[in-house]
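This report refers to the structure that appears directly beneath it.
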Amino acid sequence: MGKVYVIGLGPGAEKEMTYQASTALEKSEVIIGYTVYTGLIRERFPDKKYLSTPMRQEVVRCEMAMDEAMKGRTVAMVCSGDAGIYGMAGLLYEMGQGYPEVELEVVPGITAANGGAAVLGAPLMHDFAVISLSDLLTPWEKIEKRIRGAAMADFVICLYNPSSRKRADYLKKACEYILEYQSPDTVCGYVRNIGREGEDAHILTLSELKDTEVDMFTTVYIGNSQTRNVDGKMVTPRGYRLEE
Ligand code: SAH
């Protein structure tokens, strides 16, 4: 029977792709994913069969992968970043129960959080929480509770899906919850198009972030009470002492 690799391509699907991801793609006959991501790898692997579905068709896309594998093919299901972080890996395992003959293998990738962190400096040096602001599959009340919990415990917070057309004010709301526990001067940052053309990073305060509009191709970082702006880089101290 066939096999499905669930592959994280890294944030830009080019320079941050791991060697393991590249090898799994080479071994695959069929590559499935959003056109945006398959478009980025098509040049490098021109001889593969490419299949894709529109956004939000995750279940259909996974069925497609399983059906191809049932035909005995080796399939690559590609996601941006890491496939196990707001990606397709979990859904494929859940669906895989209906396809016991199909072997699944997850190939890890650099997720947006650490891709963007490297651009900003070193914001994730201490404990951090990753929270998605998308309420398509998660009730907003739960998201709100998690943001408050993370802010209360002084985690560095990394926000995925910080905005969309229908959710223009979600980042503002998230900042308001965090402001209940953290200072308006808390050092924050955001990076748009990590690893892609037009990569763009900003460092600002929490009160400035509250009134900033970002899009869905952006990852947002809210520092903890120790995070500093060190010569234009966002740095969360680990706690090492610097001797004079
Ligand atoms: N599996 C992906 C996350 C998918 S959720 C990963 O591990 O990175 C989609 C969200 O991820 C986006 O809304 C954005 O917040 C973040 N993201 C993914 N790729 C990005 C990129 N290249 N630049 C900035 N943010 C990105």
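Rounded, prolate or oblate: pick one for the stretch 13-52, where a ≥ b ≥ c are the square roots of the eigenvalues of its C-alpha gyration tensor, a/c under 1.5 means rounded, and failing that, prolate if a/b is larger than b/c, else oblate.
In terms of gyration-tensor shape, oblate.
Name the residue farthest towards the positive end of the dipole of the chain from the options Ser163, Gly109, Gln57, assuming +1 on Cβ of Lys and Arg, -1 on Cβ of Asp and Glu, about the Cα centre.
Gln57
Which percent of the accessible area of the stretch 201-244 is formed by carbon and sulfur heavy atoms (probe 1.4 angstrom)?
Details: 1350 of 2970 Å².
Carbon and sulfur together cover 46 percent of it.
How big is the Kirkwood radius of the chain, worked out from every pair of different alpha carbons and given in Å to one decimal?
Value: 19.1 Å, from the Cα pair sum.
For q = 0.10, 0.12, 0.19, 0.21 Å⁻¹, what log10 I(q)/I(0) does the stretch 1-113 give under the Debye formula with an equal point scatterer on each alpha carbon and no solvent?
Calculated log10 I(q)/I(0) at the listed q: -0.23, -0.33, -0.89, -1.10.
If we count every other residue with Cβ under 11 angstrom of Ile131's Cβ, Lys/Arg +1 and Asp/Glu -1, where does the sum land?
Details: positive: Lys142, Lys145, Arg146, Arg148; negative: Glu144.
Every neighbour counted, the sum reads +3.
So, counting K/R as plus one and D/E as minus one, what does the shell of residues with Cβ under 12 Å around Glu197 add up to? Working shown, then result.
Working: positive: Lys15, Arg192, Arg196; negative: Glu14, Glu199, Asp200.
Combined, the nearby Lys, Arg, Asp and Glu give 0.
Mean residue ellipticity at 222 nm from the helices of the chain, using -39,500 (n - 2.57) per DSSP H segment of n ≥ 4 over the full residue count, to the nearest 500 deg cm²/dmol?
-9000 deg cm²/dmol
Using Cα pairs under 8 angstrom and six or more residues apart, how large is the relative contact order of the chain, in percent?
Taking the mean separation of contacting Cα pairs over the length of the chain, I get 21 percent.
State log₁₀ I(q)/I(0) for the stretch 113-235 at q = 0.10, 0.23 Å⁻¹ as given by the Debye formula over alpha-carbon point scatterers of equal weight, solvent excluded.
-0.25, -1.47
At a threshold of 8 angstrom on Cα-Cα distance, excluding pairs fewer than six apart, so keeping six or more, what relative contact order does the stretch 3-110 reach in percent?
On the way: 212 pairs, mean separation 49.1, N = 108.
Normalised by residue count, the contact order of the stretch 3-110 is 45 percent.
The values are calculated or read from the model by the stated rules, or taken from the named source; none is laboratory data. Predicted model, so just to flag it, every value in this text is computed and none were measured. When we count neighbours, we look across all protein chains shown, and the Cβ atoms used for this are built from the backbone with ideal geometry, even at glycine. Heads up: the accessible areas ignore ligands, DNA and RNA and are worked out on the full protein's heavy atoms, side chains in. Shrake-Rupley method; radii C 1.70, N 1.55, O 1.52, S 1.80 Å.
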